[in-house]
Amino acid sequence: MQAVIMAGGKGTRLRPLTCKLPKPMVRIVNRPIMEHIVRLLAGSGFDDVIVTLCYMPELIQDYFGSGTQFGVKMRYSVEETALGTAGSVKNVESQLSGTFLVISGDALTDIDLMAAVEFHRSRGAIATIVLTRVQNPLEYGLVITDADGRIRRFLEKPGWGEVFSDTVNTGIYVLEPEVLSYFEAGREFDFSKNLFPLLLEAKTPLFGYVAPGYWCDVGTLEQYRQTHYDILMSRARVGIAEQEAEKGIWIGDNVYLDPSARITAPCVIGRGSVVEKDAEVGELSVIGPDTMLCQGASVRRSIVQAGGYIGKGAALRGAILGDHVVVKPEAELLEGSVVGPGCSIGEKALVKQGVRVWPEKVVEDGTILSGSLVWGSHSSKRLFGTHGVSGILNAEITPEVAAKLGAAFGSVLPQGRDGERAVAVASDVYSPSRMLKRAVTAGLLSCGVDIFDLGHITTSVTRYAVSALGAQGGVHVRVSPYGPDAVLLEFLDPAGINISRDLERKVENAFFNDDFQRSPATQPGEVAFLTRVADQYLEGLLRQVNVDAVRARRFCIAVDYDPGSLSLFLPSLFDRLGCEVVMGNIATSEAGSPKGPAEVLEALAGISRLVRASKADLGIVVDNNAERLLLVDELGREIGEDSFLALMSLLTFKSSSAAKVAVPVTAPGVIEAMARAYRGQVIRTKANPRSIMEKAIEQKIFSGEKGLPRFQPAFDALIAFTKILEFLAEQRISLSTLVGMIPEFYMKKGSVDCPWEAKGKVIRTLIETTDPGRVELIDGVKVYHDEGWALVLPDSDGPRLHIVSEAATPEQALALQRMYMTKIENIRLEQ
């Protein structure tokens, strides 16, 4: 038998889910609505299907094709202008050869269609309307029949005073071809509004068949959500693509469920999804294909479409998410909230009840979203954070995004003196980074930029190589130090330091405006693979050190490092320096990812024990990118981050007269005290990598030999390590003795949440209410007190303020910190 599916609907009441696709393609339990209808037709004996299309027809045609994979033959009729339900079927009149069925492609039903056909034939009807009973008939057309089923009256969308029946038109019709002769082609004509009243007036055999079974027109987001619940609770007999692993729990192919994950029936988990440790898929939830639920995430009574990412500790309660939505850690989406495709919900953001977020919107960290977000955005068009461009792999940072970033960087890259444009590109050893490095390279090549492929090395080596090679820039890709799911892309200038904010803006403008300077087809960039960069870096580093003095001291060092890229040259460095090495737990946290911050601190405690046990001269822990050096003295005492910075400053002051050091505004004030004692100079900078490195270059701090690159000890663990060994060897002192030369100081560091829109008010008020003579405004607001100082520093990446304090005693430092926390809270609460 033949069937006509009407699939021209826009589904405006289902927005934002239908902003980028027609209503028949909206998925219910991981299948488009229309697929459920096609499968119902095929199972009912309808093997010849004609589909009438109007809105975004290509999406439906591409998905269903010829229909053979669904067990039917499908043909399509595309309307240039809307012709109404009957008008669209009139368009295919020549293809109809007998009794046929008309059904909507955007409603869900399990009605027995052949029973309706048999009723139609038994009554000798020219047209049969399939009816169903509903609890609230106000939104539907009422149909009143006699005992035999003959239709006596129509009533379109009545008020309660006009409700004489609860039987409504489902939009499913069994028709004879002759009904189409009652009106002309090419004019807008509707079945329920025009044709059926006309047939009733002409006293033709027009019948209504009240069908048992499930039917819903899925006309609103509330109905969309309820339809999922009805399927999961077996109220609707609709096929679910996934297999029922146990009663009420359907799981697709290649799904990973951590043993500690909590799965409550009824629910569906789509193919390729991952449910991590302590994550929850609660009852009445549908998880789309290729979705990630991170540790501790909780989804209850919610629908998550394909490619979703639900971050650590995030919670969904009765929410609906479109395709490829990123929900960052500890965000919360409440009952009735709906988020369109491609959105990003920031860390600790709250999307309140009933709020709708239109596609491709970004809700910033910490935002409380109380109203729908349709036209604007809760973010500026900014890609770069403190260290570069970071985001969740394959959710925020995909290969496509990386290629686009490469093209944007290549398009704004300044030329060299001879017009050349070359970029050094490298990554760490981990698979995600290597993948994105290739994508960045492709984007750069498309703009005619030549590539120096440095392989798998650390950022410090990349910085060295950019300068050594005379490249116009560099890109280093690595797994983020703040989580194995995130990646970081660092963009470097010709000096090997992070690019300026001005150049960052140019990259962002090119990226968001798709303004790329593509090369001619015959002139893309070329790639040169450089395999000895790490060796050259090591040679350059050793030229900065009195190797003979270090070798003569024969240091015994307890070592723990992330093997990754460091295994290429760290053992060689120890050998060249004549060090005896006692190895700690040299291993990554898990296959394919570096150690996280907590694991690095755990390694430090292990090295402290190993130093005491082995009587080593000192112990070190080096992170996977060789940027961070953690020290333990020969007594097993850990040297904190602030003490390490003071240590490196002291080493510089004692190594030469009138020495200069560049330190961030967050560094301890005892560095100035040491500078006065050794007639040195302290240059305070903003608390970001570029500012510190830029000042170090300006002041020729740790300069390389003539014609060679400069090293950056603040961001290069290995140059810092070798210079410490050199000083200890030349002065014949222990590390504890050197640390003991640093005056005592006490610092407290903390953060407070502060919405983006309140940051400016807080900083302005602090400046206005503080004695100008006590305020320093290098970065944030630093206020000097008799007992010490406190710094309030806005976070450039999130809705928070950092508070740093220093004083002569721990109690005073804590009191200063608490005082400014209270001040910030009071300013925020002021009207």
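The values are calculated or read from the model by the stated rules, or taken from the named source; none is laboratory data. Note that the coordinates shown come from a computational prediction; the quantities given were computed from them, not determined experimentally. A quick note on method: Cβ atoms are made from the backbone with ideal geometry, for glycine too, and the neighbour counts reach across all protein chains shown. Side chains are part of the model used for accessible areas, which takes the heavy atoms of the whole protein and leaves out ligands, DNA and RNA. Shrake-Rupley method; radii C 1.70, N 1.55, O 1.52, S 1.80 Å.
Some points to look at:
- Test set (1) part of a helix (DSSP H, G or I); (2) open to solvent by less than 40 Å² (accessible area, probe 1.4 Å); (3) modelled with pLDDT of 90 or more - GLU178 fails condition number: (2)
- All of (1) more than 28 Å from the chain's Cα centre (by Cα); (2) touching a residue at least 12 places away in the same chain (Cβ under 8 Å) hold for ASP418 with one exception: (2).
- Against the conditions (1) at pLDDT 90 or above; (2) open to solvent by less than 10 Å² (accessible area, probe 1.4 Å); (3) of a type in the set (Gly, Ala, Ser); (4) more than 15 Å from PRO414 (Cα to Cα), GLY474 satisfies every one except (4).
- Residue pairs whose Cβ atoms lie under 6 Å apart, separated by 6 or more positions or on different chains, with the first residue in region 46-66 and closer than 26 Å to ALA116 by Cβ and the second among the aliphatic types (A, V, I, L, M) and assigned to a loop (DSSP other than H, G, I, E, B), are PHE46/MET1; ASP47/VAL72; VAL49/VAL72; ILE50/VAL92; VAL51/ALA7; LEU53/ALA7; CYS54/ALA82; ILE60/ALA7.
- Restricted to region 511-565, and to residues there that are acidic (Asp, Glu) and over 34 Å from the mean Cα position of the chain (by Cα), the residue that is nearest to ALA426 (Cα to Cα) is ASP535.
- Checking each residue in region 497-514 for being modelled with pLDDT of 90 or more and farther than 17 Å from THR386 by Cβ picks out LYS506, ASN509, ALA510, PHE511.
- Among (1) within 19 Å of GLY311 (Cβ to Cβ); (2) among the charged types (D, E, K, R); (3) in contact (Cβ under 8 Å) with a residue 24 or more places away in the chain, the one test that ARG262 misses: (3)
- Among the residues making up region 443-459, those that are open to solvent by less than 10 Å² (accessible area, probe 1.4 Å), within 15 Å of PRO414 (Cα to Cα) and of a type outside the set (Val, Ile, Thr) are LEU444, CYS447.
- Checked against (1) under 26 Å from LYS695 (Cα atoms); (2) of a type outside the set (Asp, Glu); (3) in contact with a Pro (Cβ under 9 Å, 6 or more places away or on another chain); (4) without any contact (Cβ under 8 Å) to a residue 24 or more places away in the chain, GLY760 passes all but condition (1).
- Output for region 6-25, where each listed residue is open to solvent by less than 40 Å² (accessible area, probe 1.4 Å) and not in a loop (DSSP other than H, G, I, E, B): MET6, LEU14, LYS23, PRO24, MET25
- Residues of region 784-814 that turn out to be touching an Asp or Glu at 6+ places or on another chain (Cβ under 9 Å) and free of Cβ contacts under 8 Å to residues at least 24 places away in the same chain, as a count: 1
- Screening ILE33, ILE28 for residues that are open to solvent by less than 30 Å² (accessible area, probe 1.4 Å), in contact with a His (Cβ under 7 Å, 6 or more places away or on another chain) and closer than 18 Å to GLN226 by Cα leaves exactly one candidate, ILE28.
- Residue selected from region 208-242 under the condition within 28 Å of LEU101 (Cβ to Cβ) and among the charged types (D, E, K, R), by the criterion surrounded by the fewest Cβ atoms within 10 Å (Cβ to Cβ): ARG237
- Which numbered condition SER565 fails, given (1) buried (at least 17 other Cβ atoms within 10 Å of the Cβ); (2) at pLDDT 90 or above; (3) not hydrophobic (A, V, I, L, M, F, W, C): (2)
- Annotation: VAL423 fulfils all but one of (1) open to solvent by less than 10 Å² (accessible area, probe 1.4 Å); (2) at pLDDT below 95; the unmet one is (2).
- For region 655-689, the tally of residues that are of a type in the set (A, V, I, L, M, F, W, C), without any contact (Cβ under 8 Å) to a residue 24 or more places away in the chain and part of a strand (DSSP E or B) stands at 1.
- Against the numbered list (1) in a loop (DSSP other than H, G, I, E, B); (2) modelled with pLDDT of 85 or more, TRP375 comes up short only at (2).
- Single unsatisfied condition, GLY416 versus (1) under 19 Å from SER467 (Cα atoms); (2) open to solvent by 30 Å² or more (accessible area, probe 1.4 Å): (2)
Quick grid of which residues meet (1) open to solvent by less than 50 Å² (accessible area, probe 1.4 Å); (2) within 15 Å of VAL286 (Cα to Cα); (3) part of a loop (DSSP other than H, G, I, E, B):
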| position | (1), (2), (3) |
| --- | --- |
| LEU316 | yes, yes, no |
| ASP323 | yes, yes, yes |
| GLU330 | no, no, yes |
| PRO341 | yes, no, yes |
| LYS348 | no, no, yes |
| GLN353 | no, no, yes |
| GLU360 | no, no, yes |
| ASP365 | yes, no, yes |
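- One residue from VAL78, VAL92, VAL102 being in contact (Cβ under 8 Å) with a residue 12 or more places away in the chain, open to solvent by 30 Å² or more (accessible area, probe 1.4 Å) and over 21 Å from ALA241 (Cβ atoms): VAL78
- Subset of region 478-496 that is open to solvent by 10 Å² or more (accessible area, probe 1.4 Å) and among the acidic types (Asp, Glu) - its residue that is modelled with the lowest pLDDT: ASP485
- Filter result (under 15 Å from ALA528 (Cβ atoms) and assigned to a helix (DSSP H, G or I)) within region 438-453: THR441, LEU444, LEU445
- Within region 243-268, the set of residues being assigned to a strand (DSSP E or B), touching an Asp or Glu at 6+ places or on another chain (Cβ under 7 Å) and open to solvent by less than 70 Å² (accessible area, probe 1.4 Å) comprises TRP250, ILE251, CYS267, VAL268.
- Count - residues of region 609-635 that are open to solvent by 10 Å² or more (accessible area, probe 1.4 Å) and of a type in the set (Gly, Ala, Ser): 2
- The single condition among (1) touching a residue at least 40 places away in the same chain (Cβ under 8 Å); (2) surrounded by fewer than 19 Cβ atoms within 10 Å (Cβ to Cβ); (3) not small (Gly, Ala, Ser) that LYS277 does not satisfy is (1).
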